[in-house]
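J.: Quick one: this structure, given as structure tokens, is what I'll be asking you about.
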Ligand code: MRU
């Protein structure tokens, strides 16, 4: 099975990110040597997907601190805190971003008293550990969700919660990759995901490369395809799941969950523990990123609407927890009541 190229490469202190804006036309890596360049890469979606931006920011913090290795420990920590806040500001919604940089800052604080060189080494190791944990969590999510992919079933997914958004197997796609590896026949429907087309450019591409039977649909076709009886279950990823199980994910997800409820189709959300935000009670408290209106006025850079037309461009929406059948997590399948099952299995987000 051919998996997608890894979104993040760390080689001998050099951070390389796959420029996902170029996909599926070009597979192109760019090196990022300072915090500003990593911030831009996250902001402009060269790297995207909640876990991937968390890992990119962790390595971004390491590259940002390379020039400060000769400082005393205290001075190093001051720079580290500033760079962490800066990187975490690149996008507001996915909790993984703040979670990952906090983890590096906490590790450095706990290592005190130490020299800048020692602190640098501790955050470098922590970033690599975080990356390795992410891979392991995807495999665990895949095992937890595997029984849901039955022979001949139709699975709908939205946006890209695949290998390009995480590591190796992705989250929503992890059960699909494992089922395919086991020879289970099934069909995936990938929603296109306007405005930036992560479903068509990324999910359809990575599943097709892996040899999975995937059919691309426009976002407007979901109700029709469900009414035809083609969808047996929905699996999506998330940018943040709050303490009560409200799920913040790519714009359009809530509409799909409402349709799934209408048609009696189970709606699952696949997440690693790093996406669970125990400190935020409900989805209503989550900052929803509002992106540039030109993303809506254009399709792949070409004008598709009157110039300067008023638009809205919220990048995410909130699916109320009662529409979620279960969370597919690295700690197993978690069912309602989510306020207790999520906290019990995944704990808090603070590092
Ligand atoms: O704006 P994006 O492309 O970063 O949005 C990504 C999503 O909404 C994904 O579904 C989510 O981050 C989960 S990735 C495992």
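The values are calculated or read from the model by the stated rules, or taken from the named source; none is laboratory data. A quick note: this is a predicted structure, and the numbers were derived from the prediction, not measured. Quick reminder, even Gly has a Cβ in these numbers, built from the backbone with ideal geometry, and neighbours come from all protein chains shown.
J.: Given the condition part of a helix (DSSP H, G or I), modelled with pLDDT of 95 or more and at negative phi, answer yes or no: does some residue in region 154-173 qualify?
T.: Checked region 154-173: no residue is part of a helix (DSSP H, G or I), modelled with pLDDT of 95 or more and at negative phi.
J.: Output the residues belonging to region 232-253 that are more than 9 Å from the ligand (Cβ to nearest atom) and surrounded by fewer than 24 Cβ atoms within 10 Å (Cβ to Cβ).
T.: Of everything in region 232-253, those that are more than 9 Å from the ligand (Cβ to nearest atom) and surrounded by fewer than 24 Cβ atoms within 10 Å (Cβ to Cβ) turn out to be 232, 233, 243, 244, 252.
J.: Please go through region 74-89 and pick out each residue that is touching a residue at least 40 places away in the same chain (Cβ under 8 Å) and either within 11 Å of the ligand (Cβ to nearest atom) or surrounded by fewer than 18 Cβ atoms within 10 Å (Cβ to Cβ) (or both).
T.: Answer for region 74-89, where residues must be touching a residue at least 40 places away in the same chain (Cβ under 8 Å) and either within 11 Å of the ligand (Cβ to nearest atom) or surrounded by fewer than 18 Cβ atoms within 10 Å (Cβ to Cβ) (or both): 75, 89.
J.: Only one residue in 247, 329, 280 is under 20 Å from the mean Cα position of the chain (by Cα), touching a residue at least 40 places away in the same chain (Cβ under 8 Å) and more than 23 Å from residue 234 (Cα to Cα), so which one is that?
T.: On the way: 247 fails: more than 23 Å from residue 234 (Cα to Cα); 329 fails: more than 23 Å from residue 234 (Cα to Cα).
The conditions single out 280.
J.: I'd like the full set of residues that are more than 14 Å from the ligand (Cβ to nearest atom), in contact with a helix residue (DSSP H, G or I) (Cβ under 7 Å, 6 or more places away or on another chain) and part of a helix (DSSP H, G or I), limited to region 12-62.
T.: 35, 38, 39, 58, 59, 60, 61, 62
J.: Would you confirm whether or not region 196-211 contains a residue that is free of Cβ contacts under 8 Å to residues at least 40 places away in the same chain and touching a helix residue (DSSP H, G or I) at 6+ places or on another chain (Cβ under 8 Å)?
T.: no
J.: Inspect all residues belonging to region 66-75 and state whether any of them is modelled with pLDDT of 95 or more and under 11 Å from residue 105 (Cβ atoms).
T.: No, there is no match, as no residue in region 66-75 is modelled with pLDDT of 95 or more and under 11 Å from residue 105 (Cβ atoms).
J.: A further question follows. When you scan region 141-167, how many residues do you find that are more than 17 Å from residue 96 (Cα to Cα) and within 16 Å of the ligand (Cβ to nearest atom)? Working first, answer last.
T.: Filtering region 141-167 for residues more than 17 Å from residue 96 (Cα to Cα) gives 142-159.
Cutting the leftovers down to within 16 Å of the ligand (Cβ to nearest atom) gives us 142, 144-145, 155-159.
Residues meeting the conditions: 8.
J.: Go through region 6-23 and give me each residue that's in contact (Cβ under 8 Å) with a residue 40 or more places away in the chain and surrounded by 15 or more Cβ atoms within 10 Å (Cβ to Cβ).
T.: Hits for region 6-23 are 6, 7, 8, 10, 15, 18, 20, 23.
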